[in-house]
């Protein structure tokens, strides 16, 4: 019944006001969509999503929605909770009412969108968003790199809200609805740009509706609230806010005014805007309308939502599409070498740790990349942390994996944390700063352009222009402002594998492959909570490697939790998939040479060969880099023979 009545009113609206420029878009794809959203906010978030499930269901789609909301909460509170969890996972102040932290919520689902918003009373002042919005964005991108960040643009208060009365104008806030709308509109657009986020323009929709000549709200003139007697109320036709209402407190009737929160109409309008943004589908003609909402007004609100959602620019319009694939007219294997200082003038030098650029004749900052467009792509990128290994790059390309190797700070070992680390996390802090370029260690002082992560981003930006047929842009997000870490394999050998693992504890990645590593037997960072799930860590070593005989690797593997996904498997006596384990070893003949054993698990002269001359570990490498992460082995107990404590700190 409601659907038919709405269509009649939509027909009428095409001849008046807003209907002249806004109509229903034809669907380009009738297949059901499933959108997953995590919302972080307050009661305004609850208002705007109140009817989102019903609208989604009426459109034939599916919504998975988890909400982390606290009434009256600003960005500052949500950021403080997330930071508290980073510092101490047992801090109860870090948890929301259902016993979950933001980080845990981010890991609970493969979210398509994560939303944030400011407290309405602060929404006009962009300075109140800083640095909290950026802090939240950083944690969101670390724990859910696949998700698009959205800012929920909230709405201005009703035009007759008490905050706009003359007696409240000395507070320094906006003195009219228009001033509040203009302030919050500028603030949300500014923050969205700073975060490379998209915007859900609910505030714009409220403003459009409130100023419509036919359906806009008009406050009652010459109104004296003190003269009303229960149950009298002033005229509030077409209000989007709760407005005046009678409250019952201890049996006494009092007249209250809420010009902040949305009423049924405002909640419906907000949900229509959210639906348009999340599903990239018009809300006009949607069959769900709350029973108490007049069909004509509901149809108007649908058209307003559509108009607000079709602004373009920073407004969200569905799940971001994957970059368009460029077809290579001449499929081949491409290989690149380029200096980090050549593609990014911001790079610096750190002679004290041997991290320099070198010269044109003798470059020390060479970076490498390769892709084979003849091979069906897996949509994965391997970032290699160690000296260039052409054999591995060639194999990754054979698997359909893109490959890059970046110049990063790896010469610090033996120079920093000497004669021994200051505590059980000191080397880990150095490694994390080397990987990110951010200030984690007081022993290393890198700038962001010199972290492995930023150098990888700059290399990908360069490759996207230099080699478009390689489709490198698929590993960038938000206009190239960040990496799609959920598509990236962090990998390295020896201390490179150790840094790869430390980074993956901090940043969720697709998987981690550790060849002859990780080291750091005197450190405990391996047992820290991880942004990357433990089933995504893979290790491979030779049993004569000093790191294995010294119990460095077995210790790290257990602290990383790899034993929960299978036993230690000898690849010499087992065939793929090696019991679906994450922990692989070999005792292949290396002439009893521990040094050769260390390098034997990477392609090269030290790696043993079969009788046919092919490298013995080719099946192992393919397994490590392509085995489905959800296929796991049988959990095993920790090895009591693996020495866990190598160094004690005061």
**Asked** Ranked by Cβ crowding within 10 angstrom, fewest neighbours first, how are 190, 115 ordered?
**Response** 190, 115
**Asked** Quick one: helix 75-87 against the long Cα principal axis of the chain, what's the angle to the nearest 10°, folded into 0 to 90?
**Response** 20
**Fill in**
Binned at 10 Å from zero, the C-alpha pair distances of the chain give percents of 3, 14, 22, 22, 16, 11, 8, 4, 1, 0, 0
**Asked** Taking every DSSP beta bridge that has both residues in region 332-521, what percent is antiparallel when rounded to the nearest 5?
**Response** 50
**Request:** Report the extension gain between residue 649 and residue 587 in nm, rounded to one decimal, defined as 0.36 nm multiplied by the number of residues separating them, less their alpha carbon distance.
**Result:** 18.9 nm
**Message:** Rounding to the nearest 10 and keeping the result within 0 to 90°, find how far the Cα-based axis of helix 426-436 lies from the longest principal axis of the chain.
**Reply:** 70
**Request:** With a ≥ b ≥ c taken as the square roots of the eigenvalues of the C-alpha gyration tensor of region 533-644, please select rounded if a/c is under 1.5 and otherwise prolate if a/b is larger than b/c or oblate if it is not?
**Result:** oblate
**Item:** Cα→Cβ-extended label distance, 7 Å offset, between residue 212 and residue 77, nm
**Value:** 3.3
**Message:** Need the C-alpha centroid separation for region 461-491 versus region 579-646, integer Å.
**Reply:** 30
**Request:** Take the alpha-carbon centre of region 258-313, take the same for region 535-563, and report the distance between them in whole Å.
**Result:** 55
**Message:** What are the equivalent ellipsoid semi-axes of region 250-392, built from the alpha-carbon gyration tensor (square roots of five times its eigenvalues), in whole angstrom, biggest first?
**Reply:** 57, 25, 13
**Prompt:** Quick one: if you stick a label point 7 Å off each Cα along the C-beta vector at residue 62 and residue 481, how many nm between them?
**Reply:** 3.1
**Complete:** Binned at 5 Å starting from 0, the alpha-carbon pair-distance distribution of region 98-207 in whole percents comes out as 2, 12, 21, 20, 15, 12, 8, 6, 3, 1
**Asked** Just how far, in whole angstrom, is region 496-517 from region 64-138 if you go by their alpha carbon centroids?
**Response** 27
**Asked** Which value, in Å to one decimal place, does the Kirkwood hydrodynamic radius take for region 30-158 when every pair of different Cα atoms is included?
**Response** 15.3
**Asked** By counting other Cβ atoms within 10 Å of each Cβ, how are 160, 522 ranked from fewest to most?
**Response** 522, 160
**Message:** Using a 10 Å cut-off around each Cβ, can you sort 148, 614 from fewest to most neighbouring Cβ atoms?
**Reply:** 614, 148
**Item:** Calculated diffusion of region 201-242, Stokes-Einstein form, Kirkwood radius summed over Cα pairs, 20 °C and 1.002 mPa s, µm²/s
**Value:** 181
**Asked** Which whole number of Å³ per residue matches the convex hull of the alpha-carbon atoms in region 388-427?
**Response** 106
**Item:** Estimated FRET transfer efficiency when R0 is 56 angstrom, pair residue 336-residue 294 (beta carbons, to 0.05)
**Value:** 0.35
**Complete:** Note to self, the chain gives a 222 nm [θ] from helices alone (DSSP H runs n ≥ 4, -39500 (n - 2.57) apiece, / all residues, nearest 500) of -9000 deg cm²/dmol
**Fill in**
Nearest-0.05 FRET efficiency for residue 228 and residue 346 at R0 = 51 Å, using Cβ-Cβ distance, is 0.20
**Prompt:** Where does helix 390-399 land angle-wise versus the long Cα axis of the chain, in degrees 0 to 90, nearest 10?
**Reply:** 50
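Rg(Cα) of region 373-450 divided by 2.2 N^0.38 Å?
Details: Rg = 16.2 Å, N = 78, 2.2 N^0.38 = 11.5 Å.
Scaled against compact globular proteins, the figure is 1.41.
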**Request:** With label points built 7 Å along Cα→Cβ from the Cα atoms of residue 439 and residue 100, find their separation and express it in nm.
**Result:** 3.4
**Message:** Report the rotationally averaged projected area of region 129-265 based on its alpha-carbon convex hull, in square nanometres.
**Reply:** 11.4
**Asked** Based on Cα positions only, what radius of gyration and what Dmax would you give for region 462-534, in angstroms?
**Response** 14.5, 45
**Request:** Would you mind telling me the antiparallel percentage of the DSSP bridges in the chain, rounded to 5?
**Result:** 35
**Message:** If I histogram all Cα-Cα distances within region 332-521 using bins 5 Å wide from 0, what percent of pairs lands in each bin?
**Reply:** 1, 8, 17, 22, 21, 16, 9, 4, 1, 0, 0
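The numbers here are math on the coordinates, done by the rules we state, and not lab data. What you see is a predicted model; the values in this text were computed from it and never measured. FYI the Cβ positions are ideal-geometry reconstructions off the backbone, even for glycines, and counts take in every protein chain you see.
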